[in-house]
Amino acid sequence: CSAPSRAEHILNRMIDLYYDGNDVELPSLEGDVEHAKHDAPFNAVITAYARSNDPNAAERAFAVLERLEVSPIAPTVFTYNAVMDVCAKHGDPERALQILEKMQALSVTPDSTSYDTILNAFARHDKSGSADRAWELLRQWEEERAAGENDTFIPSQVGYSAVINGFAKASGMEYGGMSTVKKAKEVYDRLIQQKESGVIYGESDPVANSCFLNCCANIYGTRAERKEALILAIKAFEEMKRDPSLHGEPGQFTFGTMMKACSKLSADAAERNRLLESLFQQSCNRGLLSKSTLGQFLRHTPDEFSTKVILQMGGSKREIPPEWHRNVPGKHKPTPTERDRY
């Protein structure tokens, strides 16, 4: 019996005790009972199914929702978001969209998480055209908001990043290609426009940029398409460095993803070595040399070349200077003997 199943069993037992005709002495409740979140136990069970590998997770989540809907307790936006999350993580984006439509019919106001979860559901789905469907929905909601027809949709960095990530996944498939990268660029450009106009506000994060770099790196295309994708990746990376307030501050994953793009898309060894050397030096100077970035540099450049670069920067054959990874979280830091692994 899985953990979500046990949690559901406990929930059902609680409900049965509530409806039991016999006099059962239940513990007294403390606190503000009137304003308590009475749907919380249901939400917890649904969330447990979202995080599980149970092949029947979606069906069980809907069963919990149905039991809540016929109870005296009204489901909230958090309940419906949790069910949509189950759909997203278990490959049923259309069903997640149906939940949104159901919420609107029941006058339950969706929040930004509702919309972002649906975009993520389509973006992460394996079916061809799913990323396009996510982009189509995002544009539809934008238009409805602009026309005053949908005041619940608020564009967010999370939603745009999810759609770009969907195209990044598609670009590595047989049906992917430069057209997929260009669609991702269109979404990214739209995100920047929304930030410049003040529609999306708050501190910028580097996730969307990294997703676009990954889309370029994953491209399934011709030599000419790979070259074009590399140029777009370099431009996006440079724009990020020029204006981090708009694109987000480059982080360890930015450098790792850019390393991946350059190593996969470079036309020849000389170009690859030059680009990887520059990225390696920049990441070290910013204190952002992670295990991934160091590993890619060592794997994709000749031993004598990487050794020369490391020594010229003040490193040694055996140790990585701590200042090179001072801004990297512990588990992602390269170990003192990391070079021995490659």
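Quote the FRET efficiency, to the nearest 0.05, computed for SER278 versus GLN193 with a Förster distance R0 of 25 Å and r equal to the Cβ-Cβ distance.
0.25
Counting only protein heavy atoms and using a 1.4 Å probe, what share of the accessible area of the stretch 144-250 belongs to carbon plus sulfur, as a whole percent?
Carbon with sulfur: 50 percent of the solvent-accessible area.
Just by accessible area at a 1.4 angstrom probe, what is the order of PHE62, PHE78, PHE297 from largest to smallest?
PHE78, PHE62, PHE297
Taking the highest mean first, how do the peptides 92-100, 213-221, 64-72 order by number of other beta carbon atoms within 10 angstrom per residue?
213-221, 92-100, 64-72
Relative to the longest principal Cα axis of the chain, at what angle does helix 223-242 sit, 0 to 90 degrees, rounded to 10?
Compared with the principal axis, the helix lies near 80 degrees.
May I ask which of LYS169/LYS317; LYS102/LYS331; LYS89/LYS317; LYS127/LYS260 have a Cα-Cα span longer than 32 Å here?
Over 32 Å Cα-Cα: LYS169/LYS317; LYS102/LYS331; LYS89/LYS317.
Rounding to the nearest 10 and keeping the result within 0 to 90°, find how far the Cα-based axis of helix 178-196 lies from the longest principal axis of the chain.
Value to nearest ten degrees: 70.
Tell me the per residue accessible area of the chain using a 1.4 Å probe; a whole number in Å² is fine.
Heavy-atom accessible area per residue stands at 51 Å².
Taking the chain as the reference, fit the longest principal axis to its C-alpha atoms, fit the long axis of helix 112-123 to the helix C-alpha atoms, and give the angle between the two in degrees, 0 to 90, nearest 10.
60
How much FRET efficiency would the formula 1/(1 + (r/R0)^6) give for HIS332 and GLU94, where r is the Cβ-Cβ distance and R0 is 41 Å, rounded to 0.05?
So the FRET efficiency works out to roughly 0.65.
Mind checking the stretch 100-171 for GluC sites (Glu not before Pro) that DSSP puts in a loop (not H, G, I, E or B) and that have at most 15 other Cβ atoms within 10 Å?
The qualifying sites are GLU149.
Express the carbon and sulfur contribution to the solvent-accessible surface of the stretch 37-135 as a percent, rounded to the nearest whole number, probe 1.4 angstrom.
Of all accessible area on the stretch 37-135, carbon and sulfur atoms account for 49 percent.
Can you give the convex hull volume per residue for the Cα atoms of the stretch 36-153, as a whole number of Å³?
93
Taking 41 Å as R0, compute the FRET efficiency from the Cβ-Cβ separation of ARG242 and ARG51 and round it to 0.05.
0.55
What distance in nm lies between label points placed 7 Å from Cα along the C-beta direction at HIS38 and GLU142?
So the two model labels end up 4.2 nm from each other.
In the stretch 222-326, which GluC sites (Glu not before Pro) are in a loop and have at most 15 other Cβ atoms within 10 Å, using DSSP for the loop call?
Passing sites in the stretch 222-326 are GLU319.
If you average over every viewing direction, what projected area does the convex hull of the Cα atoms of the stretch 255-342 give, in nm²?
Here the figure is 4.9 nm², rounded to one decimal.
Along the charge dipole of the chain, Cβ charges K/R +1 and D/E -1, which of ALA3, LEU294, LEU232 sits furthest on the positive end?
Result: LEU294, furthest along the dipole toward the positive end.
Roughly how big is the stretch 63-120's charge dipole about its Cα centre, with Cβ charges of +1 (Lys, Arg) and -1 (Asp, Glu), in debye to the nearest 20?
For this selection, approximately 100 debye.
In whole Å, what are the Cα extents of the chain along the three principal axes, biggest one first?
Taking the Cα atoms of the chain, the three principal extents are 81, 48, 36 Å.
Taking the Cα centre of the chain as the origin, how large is its charge dipole in debye, to the nearest 20, when only Lys and Arg (+1) and Asp and Glu (-1) carry charge on their Cβ atoms?
So the dipole magnitude of the chain works out to roughly 2200 debye.
Where Rh is the Kirkwood radius over the Cα pairs of the stretch 162-318, the temperature 20 °C and the viscosity 1.002 mPa s, what D in µm²/s does Stokes-Einstein return?
Reported coefficient: 134 µm²/s.
What's the extension gain from SER5 to ALA267 if we count 0.36 nm per residue and subtract their Cα-Cα distance?
Gain on extension, SER5 to ALA267, equals 89.1 nm.
Would you mind checking LYS264/LYS333; LYS182/LYS291; LYS227/LYS264 for any pair whose Cα atoms are more than 22 angstrom apart?
LYS264/LYS333; LYS182/LYS291
The values are calculated or read from the model by the stated rules, or taken from the named source; none is laboratory data. Fair warning: this is a prediction, and the values are worked out from it, not measured in the lab. Cβ sites come from the backbone with ideal geometry, for glycine too, and all protein chains shown count toward neighbours. Only protein heavy atoms, including side chains, enter the accessible area calculation; ligands, DNA and RNA are left aside. Shrake-Rupley method; radii C 1.70, N 1.55, O 1.52, S 1.80 Å.
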